[in-house]
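The values are calculated or read from the model by the stated rules, or taken from the named source; none is laboratory data. If you're wondering where the values come from, they're calculated on a predicted model, not measured in any experiment. Methodologically, a virtual Cβ is constructed for each residue, glycine included, from the backbone with ideal geometry; neighbour enumeration extends over all protein chains shown. Quick note on the areas: whole protein, heavy atoms, side chains included, nothing else; ligands and nucleic acids left out. Shrake-Rupley method; radii C 1.70, N 1.55, O 1.52, S 1.80 Å.
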Amino acid sequence: MSSIKIECVVNENCKIGESPVWEEKESSLIYVDISGKKICRWNSFTKQVQSVSVDAPVSSVALRKSGDYVVTLGTRFAALKWKDQSVTTIVHVDKDKPNNRFNDGKVDPAGRFFAGTMAEEIRPAVLERHQGALYTLFPDHSVVKHFDQVDISNGLDWSLDHKTFFYIDSLSYSVDAFDYDLQTGKISNRRSIYKLEKEESIPDGMCIDTEGKLWVACYDGGRVIRLDPETGKRIQTVKLPVDKTTSCCFGGKDYSEMYVTSACQGMDDESFSRQPQAGGIFKITGLGVKGIPPHSFAG
């Protein structure tokens, strides 16, 4: 194991930093601050952060093949034009649930945008149960609902052979797998592949590496864990200097760096004095594994 180094690259105290995505052509990390209502882009060369403010909680961002981005905003899938800072609604979901919002989202290998919803939190991880659902936005802008009764729709990714879809509903404390049909985008045969230990706390965002192993950020657990989906075993734990780790992705010029977002919402002064970097973005180097480039929305 090479020596692991953890560095806070953006010390900006996001309320709820989430959805980190590496944008190769800009050598930048794009991410959101959900309750800060902004989409941010950190340039790895200049170390500068630019941001676009929006009018609702923005929970995930993805690259778009035609350029710019798609985001989940409130209960809308929307298109974001960075230069003129404009957001256009593509489609609205959960119209019958005014208290809902989207949470995590990611694009599949065929260019479809998967994202799920949840009820707005009363305080972190405290909310009305079973209000969310998992959706797919297709490139033709049609939407499919896969299932409902979700608590906190969270981490998602696909196996390297694209035959398995991995998904987290946070309050189940489980990482789940589905059979995946890449042609249609259909999912089936749900099963749990890993149940979190008490000290790992709440499973949040997730990504996959080139060895097919999953990395899960543990909210309130202050760590990312590496799982083998074949054996259902945890094979590595990397602890961070903040408790509220929210999501992770690989990036850098050869995808050998891991970027981890975090949150500070709900922390008191005493917690902040112990963890002044809460809400920052962390770069982990020396993991000895690489990730795969993110997929772009095809619509």
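What to note about this one:
Residue-by-condition table, conditions (1) part of a loop (DSSP other than H, G, I, E, B); (2) within 26 Å of F282 (Cβ to Cβ); (3) not aliphatic (A, V, I, L, M):
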| position | (1), (2), (3) |
| --- | --- |
| S153 | no, yes, yes |
| S192 | no, no, yes |
| M206 | no, yes, no |
| A217 | no, yes, no |
| E230 | yes, no, yes |
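Each row is one residue, and each column tells you yes or no for (1) among the hydrophobic types (A, V, I, L, M, F, W, C); (2) open to solvent by less than 40 Å² (accessible area, probe 1.4 Å); (3) modelled with pLDDT of 95 or more.
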position: E121; (1), (2), (3): no, no, no
position: K145; (1), (2), (3): no, no, yes
position: F166; (1), (2), (3): yes, yes, yes
position: I208; (1), (2), (3): yes, yes, yes
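- Some residue of the range 236-251 being in contact with a Leu (Cβ under 9 Å, 6 or more places away or on another chain), within 19 Å of S201 (Cβ to Cβ), open to solvent by less than 30 Å² (accessible area, probe 1.4 Å) and in contact (Cβ under 8 Å) with a residue 60 or more places away in the chain: yes
- S174 under 18 Å from the mean Cα position of the chain (by Cα) and surrounded by fewer than 19 Cβ atoms within 10 Å (Cβ to Cβ): yes
- Matching residues in the range 183-208 - criterion: being under 19 Å from T261 (Cβ atoms), touching a residue at least 60 places away in the same chain (Cβ under 8 Å) and of a type in the set (G, A, S): G205
Residue by residue, here is whether (1) open to solvent by 30 Å² or more (accessible area, probe 1.4 Å); (2) part of a loop (DSSP other than H, G, I, E, B); (3) at positive phi; (4) without any contact (Cβ under 8 Å) to a residue 12 or more places away in the chain holds:
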{"residue": "W42", "(1), (2), (3), (4)": "no, no, no, no"}
{"residue": "T46", "(1), (2), (3), (4)": "yes, yes, no, yes"}
{"residue": "S51", "(1), (2), (3), (4)": "yes, no, no, no"}
{"residue": "A56", "(1), (2), (3), (4)": "no, yes, no, no"}
{"residue": "V61", "(1), (2), (3), (4)": "no, no, no, no"}
{"residue": "V71", "(1), (2), (3), (4)": "no, no, no, no"}
{"residue": "A78", "(1), (2), (3), (4)": "no, no, no, no"}
{"residue": "T88", "(1), (2), (3), (4)": "yes, no, no, yes"}
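- Annotation note: of D179, D157, D254, the sole residue that is of a type outside the set (A, V, I, L, M), outside any loop (DSSP other than H, G, I, E, B), touching a Lys or Arg at 6+ places or on another chain (Cβ under 9 Å) and farther than 21 Å from G17 by Cβ is D179.
- If only residues of the range 127-143 that are touching a residue at least 60 places away in the same chain (Cβ under 8 Å) and not in a strand (DSSP E or B) are counted, the one that is surrounded by the most Cβ atoms within 10 Å (Cβ to Cβ) is F138.
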